[in-house]
Every structure is written in structure tokens, then in C-alpha cells.
1. Run Gly324 past the list (1) at pLDDT below 95; (2) within 16 Å of the chain's Cα centre (by Cα) and report the number of the one that doesn't hold.
2. Within region 40-87, track down each residue that is of a type in the set (Ser, Thr, Tyr) and part of a helix (DSSP H, G or I).
3. Quick test of your reading of the structure: Val216 fulfils all but one of (1) outside any loop (DSSP other than H, G, I, E, B); (2) free of Cβ contacts under 8 Å to residues at least 40 places away in the same chain; (3) not hydroxyl-bearing (Ser, Thr, Tyr). Name the failing condition by number.
4. In region 341-366, what residues are surrounded by 14 or more Cβ atoms within 10 Å (Cβ to Cβ) and in contact with a strand residue (DSSP E or B) (Cβ under 6 Å, 6 or more places away or on another chain)?
5. Of all residues in region 109-131 being surrounded by fewer than 19 Cβ atoms within 10 Å (Cβ to Cβ) and not in a loop (DSSP other than H, G, I, E, B), which is nearest to the chain's Cα centre (by Cα)?
6. Can you tell me how many residues within region 320-335 are aliphatic (A, V, I, L, M) and over 20 Å from Asn79 (Cα atoms)?
7. Would you mind stating whether Val195 is modelled with pLDDT of 95 or more, in contact with a Leu (Cβ under 6 Å, 6 or more places away or on another chain) and under 30 Å from Gly363 (Cβ atoms)?
Amino acid sequence: MLRIVLSALAAIAAATVSLSEANAQSTPGTARQPTAVEKLYADLNALPAAERQKRIEEGARKEGKLNFIHTWRGALARNHLRLFEKRYPFLNIEMVDIGSQDAAERLVAEETVGRHLTDTVSLAVADMNEILAKDFSAHYPTPAANLIYDRYKSFLDPQNRWLPFYWTEHGMSYNPTMVPKGKEPKDWFDLCDPVFKGQVSFDPFEVRFLAGLWNVMGEQKLGEWLKCIGENKPIIQRGHTQRLNLMIAGDHAAQGDNYMYFGVQQKLKNPSIAFAPVWSATMPATIGAMIINPNTPHPYASALLVDWVLSEESQKYTAEQFRGPVAYKHPYIPEEAKIVSFATVDDATADKLAKMWERYITGQATERPGTP
């Protein structure tokens, strides 16, 4: 049975962990010995695949329970977990769907005060800084990682602290009715062309977006790009979908940072809409992954879920929802498109990126109110 906790506030209240309590009991991260859960996972990994799967299913059946935080939201998360529940109906699953940063904070708060309430979490690797620093993610070697396509192998963690199962691109798109012929953008620096002055929109400062471009361009080139973008007077408005709809309607000519799936979906519904994706520019990829609490009370059920997210069933669902699978054909991005992933961003780099944005973009851009 799948029990869904609808409110993030209810989930946090159920944990009965306050931030002040967590901070009071926190200690600096130090190297620790493997937990009993991690020793179990190492033993399981030494078994032949069929025997390993049998042990995991038997153990999960005995546990009978799983507490999971999904950072997909609403029906997207519920329908995903129902596929898992249908395959393994002996598990009583309690799921809460909250934002990725909130999920990370909740796990850290629980574990800091020794309350092992959450078994597994799906979240962006970019939001794992504190989890990894405090060693609150189990080292989980699994043969399921072999299912990941070669082009996405770089998403894997050498220490097996997370298992990637989807990714989100940050790309460019434009309104072809507003861009002169021959001026269509093909690269990030093409947005510096004077033809795009006052015609390119971005969300406000996003660490993930700039950290991804840092990996694509390098620090020096990123600084040069931000400088020329600022000189071109960009539009800053919160809301990826809202900005995309405005661009399609003719409000401005191009998007400097898109989650491309929405535009592609609209184009499939109505091929005449004014949306053109740019697949030739290297796209930063935000990795979505599963982690297991190193002190999970339900290690077998956790392993069963984490392996399952890379199954054909789960990955097909991911593709059907226009998310980026890692073990299934991508629903819309061409095979030849270039992607560059990044994992976590340290505080010093995040601060440097914020200062670069402040120096080159803030004050130069036209800032608009975003989605309420």
C-alpha cells in the first residue's frame, strides 16, 4: 500500500526534528567505519546477480515497509511509485514529495539527531553537499549501475554514494519568427550578438545553471560570456515555463536557460508554435539520483527500490514523462547532442559564481516580476 504524505510541513512535523536541535548536536564530518547497512550491501554485492536479487526480495518482504522522499512532485511522483508498488505489493510504502533542497535538509536534520526515519531519497546531486560532507549517504555498490548507458556513465559516483536515474538539461531555445535568417543561435556566445540585445531571458541567479556552464566553458570563458550577456541587457524573470510561454508569444526572442521538455511537448501538440530548440550548444546536465540512509531500518526494501529505478519499467516511465532517462532512449534530445554533467558545488565556487553574476548581470538586466 502506498501512503502519500501530502504536506511538506506534515512530513517535517512527523520527523519532530528542529533545526536548532540538529545544529546543537552536529559534529564535524569525520571518516567513519562502514555501518551495518553498508556491510550488508558489500556482502550482497559479492553474490551472483540472481542470488543477490533473491536475497533482497526475501529481505524486503520480511521488512514489509519503506519510507521514501521523492523530489518529483504530485502525480509524476505518485504514478512512478505506483509502478513499484504494483511490482512489489508486499511493501507498505510511505512517500512524501518535497523539493530537492528540502529533502536534503530533512535527511540531515534527522540523522544529525540520530532519528533514522527516512530510508531512501531521490534528489539532485547538486543538493547533496551537506549529506556527503556528513557521510549521510550509504555506500551502495549495485550491478544495476551496469544498465546505465555509456554516455551517462560519468554521472556515477566512484564511491557509490548515489545512483543516477534521470537528468535534466539546461539549454537554449528561440522564437524563429523573431530571429533574422542567418542569426539563429548555435552556441552560447551567439546570444552576445547585438541582434539579441534586450531579447534574451534568464531566471535569476541559479548556482546549478552557472556551475554547469563553468564545466562547459571553464572559468575564464564563463566570465567573458557573462560580461557580454550583461552588455546585451538580458531579461531576468523567475519561472522557466513562464518565460518560455512569453518567448513563444513573441515577448522576446530567445531563452538563455530552459528545461527543454516543456517547449518540446508544446511543439508536439502544435507544430506551428514559435519554438526552436538549440541542440548544437553543449548543455549542462543536472543529475537526479537515489541515495540510501546508511542507517536505514529497511536496507533490503531500500535496495529493492534503488535498483528498480533503473529498470526498463521505471526508465520507460521517465521517458514518457519527458524527463531524461539514463538507461533508456531519451524522448527528444538527439543522440549527437553534447552534454556535460556536474555533481556538487563547494561553497567557495558557489560564492564566486554569485559574485560573477552580480558583477556582470545585476544592474545591467531588465528585471521583471516572476511567477507568483
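The values are calculated or read from the model by the stated rules, or taken from the named source; none is laboratory data. The shown structure was predicted, so the numbers you read here are calculated from the model rather than taken from an experiment. So basically every Cβ, Gly included, is an ideal-geometry build from the backbone, and we count neighbours across all protein chains shown.
1. Unmet for Gly324, out of (1) at pLDDT below 95; (2) within 16 Å of the chain's Cα centre (by Cα): (1).
2. Residue satisfying the conditions is Tyr41 alone.
3. It fails just one condition, (2).
4. Ser341, Ala365
5. This residue is Asn129.
6. Of the residues in that region, 1 qualify.
7. No.
Condition check ((1) surrounded by 16 or more Cβ atoms within 10 Å (Cβ to Cβ); (2) in contact with a strand residue (DSSP E or B) (Cβ under 7 Å, 6 or more places away or on another chain); (3) among the aliphatic types (A, V, I, L, M)) across all residues:
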{"residue": "Glu219", "(1), (2), (3)": "no, no, no"}
{"residue": "Ile248", "(1), (2), (3)": "yes, no, yes"}
{"residue": "Tyr261", "(1), (2), (3)": "yes, no, no"}
{"residue": "Pro271", "(1), (2), (3)": "no, no, no"}
{"residue": "Ala285", "(1), (2), (3)": "yes, yes, yes"}
